Structure formats: C-alpha cells, structure tokens
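Visitor: Dropping a structure here in structure tokens format, bear with me for questions.
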C-alpha cells in the first residue's frame, strides 16, 4: 500500500511545485514586469487601450484649443487633431502611434510632458477615474493649459513664414525662431519656429504611415521637427553687447551711460587684423571718444571690441553665465526641448574682441535672447521660463499649477537702469539702429531693444537678431527674434518683434 502511495505523493509534490511556480510567475508579471510589458512597442493591447480614451485638450492661456481628440471611425475610438497645424507644433509637439522608442506611443512637447494626465492615467486622476467607473462614465483625460497667447503666437509664426518662406542657402531652407516672455513671471507668451510641420500628419492611426512620415521629417535638412526657437543656436551679433556692457559696468561702479569710450575706426587687433564698424562708419561724432549709450544705440563695433579686450574674456564669460550661457539647468523647462547658449572665454584678446560683439564662436537661442531682454525689463531679475500654466481634470479640479520662479539676479538695479536707457536709445534716438520703430512711428508705444547683425563667415547674408521689451515704463512682454540669413537685424528681425509685441498688447487691451 505504501509502495502504491509513493508515486501519488511524488505527483502531488510536482503539481504543488508547479502551482507555486505559476503563482510566483503571475505575481512577478503583474507586480514587477507590468510597466515594462505595457510599454513594449509591439504591445498592441496597450496601444489600443490608450487610444480608446478621449485624450485631454491642450489650450492656450486665452482658451484657444490647439490640440484635441475627435471621435474616429477607424480602429481606435479617437483621433488626435491639431486645429492650427504648424503654428503651434513647437508648443504641442505631437502624439503618434509610431514607436521609435520604448513606449506604446511616441510624443513630444506638451503631449509628452503631460502624457499620463492628458491620457487620463495620471495618479492624480485615480479617484476621478474610480468615480467615473462606478457611475459608468467614460474615462477622460485632463486639460493642459499652456502660457501661450494665441494672438502673439499667430503673429510670430505668420511673420516668420513671411520672412523665411522659400529663402534658402546652398539648397537648404533658412531657419528662424521667436520667443516672447512675460518679464515678471517667465511665462512663455509665444514660441514659434520656421520651418515647422503639421502634427496631424503624425497623428494617423497607421504605424507604417506615421513612421514613414516621421522618418521623412527627421531626415530633412533642416528638420521641421527641430524647434528653432529653443534648440537652434545662432550668433547674436551686436545684441550680445547687453552682456558685454553689463560686465563692463559691473567692473567699475563709477561708469555710467555718459562715460566716454574709445571708438576708433578701424580698430587694430593684436593678431594683425582690423575690426570695422558697419560700413566703416564713424562712431559718434568721429572724435574717437563716444558716450557708451550712443555707441550702444548706434551699435558701433570698435568700442565694444576694445571693452572686451580691456575687461577680458573671463569677465564677460562670468556675466554670460549669470544670464544662462553654458548653463543647461536654466533651460530645464517641462514641455520644451531647449539647448543652452554658448560663450567660450578666450585667452587670445583678438578673439575676445570678436566675442564681445557677439561674433566668433558665441551663439545663443531666441529663448536666450528673450530671457536677456526680460531680465532687463524686470529690474535685473531673471525669471525661469515656463510653458505649462495648469492642468485641470474633467470636473475642472486643478491638478497642478506652475508658480513663477527666480533664476537669479545677473545685474544690479543700477546696471539694469543703464541697460534700460541704452536699449531705449536704440529705438528712440535718431542715431539708434531701430529708430524706425520709435514711439512716434508706433502710436506712442515705447519699445526698448537691441539689434544684432551677425556675419557667420559661411552664409554671405548676415543673421538678423532683435531683442526687445515693451511698454518701456511698464514692461508686459519681452521678445527674442533670430533669423538665419535675414540680413540686418533692424530690417529683418525687428519688424517681427514689433508685430508680436503689438499683437499681444492689443489682446490685453493695452493700446499701442
């Protein structure tokens, strides 16, 4: 009898072991591997479930819907839609079933930064989803409100397109970007890039179609997928004189806007080369000494090149760092892919002379340009830019909200006042490079700004730059514009900045 029971015992033990193994495996799959399995590119079930939920809207600060989900007759219940196409692409990014990375869907921009909440799966929505489940309501994603002002954004993109459409160099489309900020908070009011793309083409339900289109867009040169407002760095030209003059003022407290600076034409450099003002013009009255305010407003190169050699590359570099150059942490902005700007302190004074006027290897983004102008407008205090204003659930409960944050104080109130006066002179004085946009021409609106025209040594047409803020007495908006191959900053970049400023102020009921 015992001999007969022995095989049964062995079978029972084997079955028990198998049950234990099965139990361990099930728990391991659900507790440990569930997230990675859910995110496998070939996991059609996860992809299917995510596209069965009505993804939340993305709306501007003035409640214009720029990304939404519409009922679909295809394999998924909803289809993502971007009503304004290329205009808001740098803001929204895109959501696609295409999977170039280890994720069930591929997304960029705000679509990626707030993916779980937009899709209704964020932990903050757990209770809301539970209530919806027991009341038999469909799960719905949260609404993300961005800081963008629709009027400023439309003006920025339309002006960029008008300036750059069809403009090429060596067969490649020239690029440009615009960023507008609220100086007192850091809220991004506009962020436009050219060339851009229509996110709708990547929101199709065919992974093959979306993948093919994504590859085409990503391999174009330049790629429309790149946000030229925050990722592309170009030489700032004379707009960098804001940084150089700030470093010069900080070095000696006796200096002010009336201090005379040496302004030869031309300027001999230590390496045997010479540096000229634009068109070989004399600075000021041609005496060789010019008040720094007039040298700045007239955008003379030789005085600031001499200042650069006088104070040294490390001094300028220290000030540039305070403004955010070479500092990636300044540009850690949810929903925004941003590159830091670049300044290298050179030992060779001839290179420092060029760096001081925004040439040589100094580069920055339109975002950096806007941040510098915003800092001057805000009394010398630099605010951290942000794009996502708040997130609300379907029942209008606030899930998250961004609070303004200071990044630092690059310049003192005294120096800030000097910079304000110099930027105002650029526009308001007859010798200023942007005098075409003085208050008389703009219906009483006082704009303060700085032009930049940067020779790259590659493209025979200069890059155009303009950074500005307005109204001068109570700044509400700061703008940075950079146009590759645009020519003069005053004629190519300044009109764009002025259009964005006027569009935004009009939307706020502030007469221009």
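The values are calculated or read from the model by the stated rules, or taken from the named source; none is laboratory data. If you're wondering where the values come from, they're calculated on a predicted model, not measured in any experiment. FYI the Cβ positions are ideal-geometry reconstructions off the backbone, even for glycines, and counts take in every protein chain you see.
Visitor: Can you tell me which of (1) touching a helix residue (DSSP H, G or I) at 6+ places or on another chain (Cβ under 8 Å); (2) not in a helix (DSSP H, G or I) is the one residue 389 doesn't meet?
Guide: (1)
Visitor: Which of the residues that make up segment 446-500 are closer than 16 Å to residue 157 by Cα, assigned to a loop (DSSP other than H, G, I, E, B) and under 19 Å from the mean Cα position of the chain (by Cα)?
Guide: Across segment 446-500, the qualifying residue is only 484.
Visitor: Would you check if residue 82 is over 19 Å from the mean Cα position of the chain (by Cα), at pLDDT below 75 and closer than 20 Å to residue 212 by Cα? Give the derivation first.
Guide: Values: over 19 Å from the mean Cα position of the chain (by Cα): yes; at pLDDT below 75: no; closer than 20 Å to residue 212 by Cα: yes.
No: the conditions fail for residue 82.
Visitor: I'm trying to understand the selection: among the residues of segment 191-207, which are part of a helix (DSSP H, G or I), touching a helix residue (DSSP H, G or I) at 6+ places or on another chain (Cβ under 7 Å) and over 15 Å from residue 109 (Cα atoms)? Steps first, answer last, please.
Guide: First, pick out the residues of segment 191-207 that are part of a helix (DSSP H, G or I): 199-202, 207.
Next cut, touching a helix residue (DSSP H, G or I) at 6+ places or on another chain (Cβ under 7 Å) only: 199-202.
Result: 201, single match.
Visitor: Quick check: anything in segment 155-176 buried (at least 24 other Cβ atoms within 10 Å of the Cβ), in a strand (DSSP E or B) and in contact with a strand residue (DSSP E or B) (Cβ under 7 Å, 6 or more places away or on another chain)?
Guide: Yes, segment 155-176 contains a residue that is buried (at least 24 other Cβ atoms within 10 Å of the Cβ), in a strand (DSSP E or B) and in contact with a strand residue (DSSP E or B) (Cβ under 7 Å, 6 or more places away or on another chain).
Visitor: In addition: Which residue, of 321, 314, is more than 30 Å from residue 146 (Cα to Cα) and modelled with pLDDT of 95 or more?
Guide: Numbers: 321 fails: more than 30 Å from residue 146 (Cα to Cα).
Only one candidate passes the filter, namely 314.
Visitor: Considering only segment 317-355, state which residues are closer than 30 Å to residue 276 by Cβ, without any contact (Cβ under 8 Å) to a residue 24 or more places away in the chain and assigned to a loop (DSSP other than H, G, I, E, B).
Guide: 326
Visitor: Would you pick out the residues in segment 100-129 that are more than 17 Å from residue 90 (Cα to Cα), at pLDDT 70 or above and in a loop (DSSP other than H, G, I, E, B)?
Guide: First, the residues of segment 100-129 that are more than 17 Å from residue 90 (Cα to Cα): 100-105, 116-129.
Next, from what is left, pick out any that are at pLDDT 70 or above: 116-124.
Those that are more than 17 Å from residue 90 (Cα to Cα), at pLDDT 70 or above and in a loop (DSSP other than H, G, I, E, B): 119, 120, 121, 122.
Visitor: Go through 210, 229 for me and flag whichever is at pLDDT 95 or above, touching a strand residue (DSSP E or B) at 6+ places or on another chain (Cβ under 8 Å) and either farther than 17 Å from residue 362 by Cα or not in a helix (DSSP H, G or I) (or both).
Guide: Details: 210 fails: at pLDDT 95 or above.
Only one candidate qualifies: 229.
Visitor: Out of (1) touching a residue at least 60 places away in the same chain (Cβ under 8 Å); (2) part of a loop (DSSP other than H, G, I, E, B); (3) in contact with a strand residue (DSSP E or B) (Cβ under 6 Å, 6 or more places away or on another chain), what's the single condition that is false for residue 256?
Guide: With respect to (1) touching a residue at least 60 places away in the same chain (Cβ under 8 Å); (2) part of a loop (DSSP other than H, G, I, E, B); (3) in contact with a strand residue (DSSP E or B) (Cβ under 6 Å, 6 or more places away or on another chain), residue 256 is out only on (3).
Visitor: Let me ask something else. Taking into account only those residues within segment 130-147 that are buried (at least 19 other Cβ atoms within 10 Å of the Cβ) and in contact with a helix residue (DSSP H, G or I) (Cβ under 8 Å, 6 or more places away or on another chain), which is modelled with the lowest pLDDT?
Guide: Once the filter is applied, the top-ranked residue is 140.
Visitor: Still on this structure: Which of the numbered conditions does residue 185 fail, given that it passes all the others? Conditions: (1) more than 28 Å from residue 390 (Cβ to Cβ); (2) in contact (Cβ under 8 Å) with a residue 40 or more places away in the chain; (3) part of a loop (DSSP other than H, G, I, E, B).
Guide: Going through the list (1) more than 28 Å from residue 390 (Cβ to Cβ); (2) in contact (Cβ under 8 Å) with a residue 40 or more places away in the chain; (3) part of a loop (DSSP other than H, G, I, E, B), residue 185 breaks only (1).
Visitor: So, one more: Within segment 351-361, track down each residue that is modelled with pLDDT of 95 or more and more than 15 Å from residue 451 (Cα to Cα).
Guide: Step one: list which residues in segment 351-361 are modelled with pLDDT of 95 or more, which gives 351-358.
Within segment 351-361, 351, 352, 353, 354, 355 meet the criteria.
Per-residue answers, yes or no, for (1) without any contact (Cβ under 8 Å) to a residue 40 or more places away in the chain; (2) touching a strand residue (DSSP E or B) at 6+ places or on another chain (Cβ under 7 Å); (3) surrounded by fewer than 17 Cβ atoms within 10 Å (Cβ to Cβ):
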site	(1), (2), (3)
423	no, yes, no
430	yes, no, yes
444	no, no, yes
466	no, yes, no
474	yes, no, yes
480	no, yes, no
494	no, yes, no
499	no, no, no
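Visitor: Being part of a helix (DSSP H, G or I) and either farther than 30 Å from residue 81 by Cα or under 29 Å from the mean Cα position of the chain (by Cα) (or both) is true for just one of 299, 314. Which residue is that?
Guide: Values: 299 fails: part of a helix (DSSP H, G or I).
Sole residue among the options that is part of a helix (DSSP H, G or I) and either farther than 30 Å from residue 81 by Cα or under 29 Å from the mean Cα position of the chain (by Cα) (or both): 314.
Visitor: What tally of residues in segment 331-362 results from selecting those that are surrounded by 22 or more Cβ atoms within 10 Å (Cβ to Cβ), in contact with a strand residue (DSSP E or B) (Cβ under 7 Å, 6 or more places away or on another chain) and within 30 Å of residue 473 (Cα to Cα)?
Guide: 2
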